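The values are calculated or read from the model by the stated rules, or taken from the named source; none is laboratory data. All of these numbers come straight from a predicted model, not from anything done at the bench. Cβ placement follows ideal geometry from the backbone for every residue including glycine, while neighbour counts extend to all protein chains displayed. Each accessible area value is taken on the protein alone, full model and side chains, heavy atoms only, with ligands, DNA and RNA left out. Shrake-Rupley method; radii C 1.70, N 1.55, O 1.52, S 1.80 Å.
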Amino acid sequence: MEREMSKELLEDWLLHVKDIAEIGKVADYIPALASQDPRHLAVGIHRVSGQTVYAGKADHLFTLQSVSKVIALALALLDNGEERVFSHVGMEPSGDPFHSIVKLETSKPSKPLNPMINAGALAVTDLIQGNTPDEKVGRILSFIHDLTSDKTIHFNQQVAESEFQSAFLNRSLCYFMKQHGVINGEVEDVLDAYTKQCSIEMNIKQLARLGAVFANDGYDLETLRPIIPRNLARICKSFMVTCGMYDASGEFAIKIGIPAKSGVSGAIMCSVKHYGGIAVFGPALDEKGNSVAGLKLLEYITKQGDLSIY
Ligand code: GLN
């Protein structure tokens with residue numbers, strides 16, 4: 001039975017998870033993320049009906065990081081069609097950490113296992129139309145403006161530069177894929193577009209709304225105009241279920257059970273069909289790169305609302 005989620009209830013849960021957040025660790029391999037305050041927590045729900053409820057630091061901006069992989073995938077599918085996209089990237093969970101390189105060498109033919117791990121996301125960004133990295137990023141931003149009906153959303157230059165300068169592992173993934181013909185663009189260009197894409201900034205309200213569009217099968221929440229074709233929205237949500245929480249996707253399916261995508265900034269975007277978007281933010285992460293407070297909040301929310309899709 002579904003029960004109402006009030007602001008008071010969400011505020012109460014935020015207080016509960018504050019201590020849990022202490023056991024996590026803020027990502028510091030991207031130097032600009034290391035200064036995030038682990039006590040900055042936020043949660044937002046945007047129902048497909050338009051109803052909203054937010055709690056915590058609801059106006060605090062954070063970067064999307066890997067949450068952007070879902071949006072980039074939707075745009076790459078729109079640009080290229082399924083056949084072309086899936087000739088560059090697979091559909092299977094990897095069971096490895098998000099930045100792992102190991103399966104690129106052991107999979108035959110050598111292509112990333114899915115678009116939610118870094119290798120797959122880099123290959124997807126390479127497929128987005130645009131003659132320059134800035135043109136690609138401009139197209140991703142316009143797509144997000146369209147999805148959220150909010151043209152104020154932009155990327156954080158400082159976070160993008162910080163990641164660009166320190167992304168040695170992502171560069172290695174790109175060079176490997178370039179050698180095997182998975183990536184066609186120049187490695188530095190792919191990295192430039194990818195790091196800007198990951199640095200797109202939002203608050204919890206904007207992220208919950210974004211999740212709601214996927215929950216609404218890609219239709220605009222007000223006008224019901226199809227922004228993402230239903231079938232492509234379905235593909236994105238399927239990847240969120242099987243690979244959205246990296247090598248914690250199985251445990252997440254059992255404990256929480258909704259399509260979700262996390263990022264190392266501490267954001268998690270969820271999309272529950274017919275219900276809406278749920279977004280949580282808490283920068284302290286567990287060892288797999290998922291927000292500790294965010295996971296606990298999602299456990300409370302999905303139990304209260306009986307939202308597991310299984
Ligand atoms: N920009 C980050 C990276 O490529 C995104 C990773 C993540 O959020 N898991 O390392």
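Couple of notes before you dig in:
- The residue that is nearest to the ligand (Cβ to nearest atom), counting only those in the stretch 21-65 that are open to solvent by less than 40 Å² (accessible area, probe 1.4 Å) and of a type in the set (S, T, N, Q), is Gln65.
- Test: residue in the stretch 191-209 that is under 27 Å from Val53 (Cα atoms), basic (Lys, Arg) and surrounded by fewer than 16 Cβ atoms within 10 Å (Cβ to Cβ): no
- Tabulated pairs, the stretch 194-213, first farther than 14 Å from Ile268 by Cβ, second aromatic (Phe, Trp, Tyr) and within 16 Å of the ligand (Cβ to nearest atom), C-beta under 7 angstrom, 6+ apart or interchain: Thr195/Phe164; Lys196/Phe155; Ser199/Phe155; Ile200/Phe155; Glu201/Phe62; Glu201/Phe155
- Restricted to helices (runs of 4 or more DSSP H) entirely inside the stretch 66-166, those with at least 2 residues that are more than 16 Å from the ligand (Cβ to nearest atom) and either modelled with pLDDT under 95 or open to solvent by 30 Å² or more (accessible area, probe 1.4 Å) (or both) are 68-88, 102-106, 133-148.
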